[in-house]
Amino acid sequence: MKKQHSGDGAVIIKKYANRRLYNTESSSYITLDHLAQMTREGREFRVVDAKTDEDITHNVLTQIIMEEESRGQTMLPVSFLRQLIAMYGDSMQAMVPAYLEASMESFRRNQAQFKTAVEGAFANSPFAEMAKRNMAMFEAAASAFKPAKGESAAAPAAASKDDEIAALKAELARLQDKVEKLGR
């Protein structure tokens, strides 16, 4: 059977009246959890109503967020939700989607810089271990917004430890250079 993709390379997911989702790429029925995982992996997909061919991707993504929120994975504060609801029908409503998208993109771009800055600030202090734990919690909270880059989830832990050690050594050398320059 021929795999189906939209013109932009996105996988086509068909939603049937019985609420079942059919992945045309894998020729199999899937769940909302599968779509959530595809999103986390950075896979593009488009959900269409199987009968009318209407694009219902927005509705399905909203449904995934609702499911995640109901499982205790709350990320959206009540005050934010209230403000968002209040914007419906407001004269500024048309600007909100572009603003939220730009804000999220900026957050993703700055995440790596933030991590580096925090690690560097506490590199040789008693707060280093606390900063590492805080960064781990921050990364866990932000992982829903971080697109996957095709990396394997089963990457060897040793390689990441070696990378971390190399990064710490480079940071230490950079700080020693700064200290030497200040002493001159």
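The values are calculated or read from the model by the stated rules, or taken from the named source; none is laboratory data. If you're wondering where the values come from, they're calculated on a predicted model, not measured in any experiment. Neighbour counts run over all protein chains shown; Cβ positions are idealised from the backbone, glycine included. In case anyone asks, the SASA skips ligands and DNA or RNA and just uses the protein heavy atoms, side chains included. Shrake-Rupley method; radii C 1.70, N 1.55, O 1.52, S 1.80 Å.
Ranked by the mean number of other Cβ atoms within 10 Å per residue, highest first, peptides 62-73, 38-49 order as 38-49, 62-73. The protection proxy used here, the mean number of other Cβ atoms lying within 10 Å of each residue, ranks peptides 78-89, 9-20 as follows, highest first: 9-20, 78-89.
Approximating the spin labels as points 7 Å out from Cα along Cα→Cβ, the Leu81-to-Ala50 distance works out to 3.1 nm.
At a Förster radius of 35 Å, what calculated FRET efficiency corresponds to the Cβ-Cβ distance of Leu172 and Arg40, to the nearest 0.05? E(calc), rounded to 0.05, equals 0.55. A Förster radius of 22 Å, combined with the Cβ-Cβ distance separating Ile30 from Gln73, puts the computed FRET efficiency at roughly 0.65. Phi angles of the range 67-83 translate, via the Karplus equation with coefficients 6.51, -1.76, 1.60 and θ = phi - 60°, into HN-Hα couplings of 5, 4, 4, 6, 8, x, 8, 5, 10, 9, x, 4, 4, 5, 4, 4, 5 Hz per residue; Gly and Pro are given as x. Computed from point charges on the beta carbon alone (+1 for Lys and Arg, -1 for Asp and Glu), the dipole magnitude for the range 1-98 about its Cα centre is near 300 Debye. Entry comment: accessible area of the range 22-104 is 72 Å² per residue, from protein heavy atoms only and a probe of 1.4 Å.
Under 5 Å from the amide H of Val47 lie the amide H atoms of Ile13, Ile56, Thr57, each residue being 5 or more positions distant or on a separate chain, with H modelled from the backbone and absent for Pro and chain starts. Rolling a 1.4 Å probe over the protein chains gives Glu54 an accessible area of about 110 Å².
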